[in-house]
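J.: To start, I am sharing the structure in question, which I have written as structure tokens.
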Amino acid sequence: MKLIGVDIGGTRTRIGAFDAGRFLARRAFPTQGMGEVVAEIRALLSRVGWEAPQAIGVGAPAPMDMRAGVILGCPNLPHWRRVEVVKALREEFGCPVYLANDATCAAIGELEFGHRAQNFVYVTWSTGIGGGIVTGGRVVWGATGQAGEVGHMVLRPDGPSCRCGKQGCLEAIASGTGIARAARELLGEELSAEDVIARARVGDRRAGEIVEAACRALGRGLAILWELLEPELLVVGGGLTGSWDYLGPKVQSSLREFARGDPRVVSTELGDDVGLYGAAALPHHFPNEWTSL
Ligand SMILES: [Zn+2]
């Protein structure tokens, strides 16, 4: 099946032409608006010699109305405010188009091309924290497609404020943004999460404490998912897994502290492409009852 995957990220957009389980061609470019996506898909189609795709899957980080196929937008996606992405691409390319949350797409990528567990939770650990749930080889969508927003589980009601308006969400404590904020408050310095992790690696005690606290919170969040869903494993992807060799054992140790049994957390083997793989496979997983568009 000739599929196009589109993974719209906060800074970069990835697109790929996908057939028979592999990418024939792919491209990444700075995230702009709908016009650029259409132009890049056209260029990709001519490169692989397709007249049209048979379906398009789109993953995006912003709040969305998945059933209506509309990206609602957020501050870091200024060109994607109330964009009817499904309608626009369907009219442009004359094929079915599906839209889903990028973390759910990443879970689909893991299911089809990653560790291939049938029961797992995928967690994006980046500037924010998102997730997608797969049980029995099927994606858990929830009532409107928002299931798996694990970043907004409240772990500490008196914890730091979250962008969602609540306090002490996993994302507020353990995301890249949360780590940078802890550095600002505890070290009095403007550092990126990567800076803090680099300092911790070389033995800086206070940076180490910030990193430990973030890993401990993530492990605790994962422990809740483990107890709730009894997955085979937990998979973590996203920017911070670039330091998984250092962070992974800390997260695993916290997970073991808070969950029973033999819980296991691994990093994705698909790297930055996990969401693109999932977007391309989204047409196979999108809930049938939502495709009346
Ligand atoms: Zn929150």
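The values are calculated or read from the model by the stated rules, or taken from the named source; none is laboratory data. In this text, all values refer to a predicted model and were calculated from it rather than measured experimentally. No Cβ is skipped: glycine too gets one built from the backbone with ideal geometry, and neighbour counts run over all protein chains shown. Please note that ligands, DNA and RNA were not included when accessible areas were found on the heavy atoms of the full protein model with its side chains. Shrake-Rupley method; radii C 1.70, N 1.55, O 1.52, S 1.80 Å.
J.: Going by the conditions given, is residue 220 within 16 Å of the ligand (Cβ to nearest atom), open to solvent by 50 Å² or more (accessible area, probe 1.4 Å) and either not in a loop (DSSP other than H, G, I, E, B) or not assigned by TED's automatic domain parsing to the domain that holds residue 252 (or both)?
T.: yes
J.: Let me ask something else about it. What are the residues in region 247-293 that are hydroxyl-bearing (Ser, Thr, Tyr), farther than 15 Å from residue 109 by Cα and either open to solvent by 50 Å² or more (accessible area, probe 1.4 Å) or outside any helix (DSSP H, G or I) (or both), if any?
T.: Result: 253, 291, 292.
J.: Scan region 177-194 residue by residue and report those that are under 14 Å from residue 240 (Cα atoms) and buried (at least 16 other Cβ atoms within 10 Å of the Cβ).
T.: Across region 177-194, the qualifying residues are 177, 178, 179, 180, 193.
J.: Would you call residue 212 out of contact with any His (no Cβ under 8 Å at 6 or more places or on another chain) and either charged (D, E, K, R) or within 16 Å of the ligand (Cβ to nearest atom) (or both)?
T.: Taking the combined requirement at face value, the residue satisfies it.
J.: If we scan region 72-88, do we find a residue that is among the acidic types (Asp, Glu), outside the structural domain of residue 38 (by TED's automatic domain parsing) and modelled with pLDDT of 95 or more?
T.: For region 72-88, residues among the acidic types (Asp, Glu), outside the structural domain of residue 38 (by TED's automatic domain parsing) and modelled with pLDDT of 95 or more: absent.
J.: So, residue 200, is that one within 16 Å of the ligand (Cβ to nearest atom), on the phi < 0 side of the Ramachandran plot and buried (at least 19 other Cβ atoms within 10 Å of the Cβ) or not?
T.: For residue 200, the condition - within 16 Å of the ligand (Cβ to nearest atom), on the phi < 0 side of the Ramachandran plot and buried (at least 19 other Cβ atoms within 10 Å of the Cβ) - is not met.
Listed here are the residues, each with its yes/no results for (1) among the β-branched types (Val, Ile, Thr); (2) open to solvent by 60 Å² or more (accessible area, probe 1.4 Å); (3) part of a loop (DSSP other than H, G, I, E, B).
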{"position": "67", "(1), (2), (3)": "no, yes, yes"}
{"position": "73", "(1), (2), (3)": "no, no, yes"}
{"position": "77", "(1), (2), (3)": "no, no, yes"}
{"position": "88", "(1), (2), (3)": "no, no, no"}
{"position": "99", "(1), (2), (3)": "no, no, no"}
{"position": "124", "(1), (2), (3)": "yes, no, no"}
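J.: Can you tell which of 133, 129 is open to solvent by less than 50 Å² (accessible area, probe 1.4 Å), at pLDDT 95 or above, under 13 Å from the mean Cα position of the chain (by Cα) and within 13 Å of the ligand (Cβ to nearest atom)?
T.: After ruling out the rest, the residue left standing is 129.
J.: Limited to region 144-167, what total is found for residues that are open to solvent by less than 30 Å² (accessible area, probe 1.4 Å) and either within 12 Å of the ligand (Cβ to nearest atom) or over 15 Å from residue 221 (Cβ atoms) (or both)?
T.: Result for region 144-167: 7.
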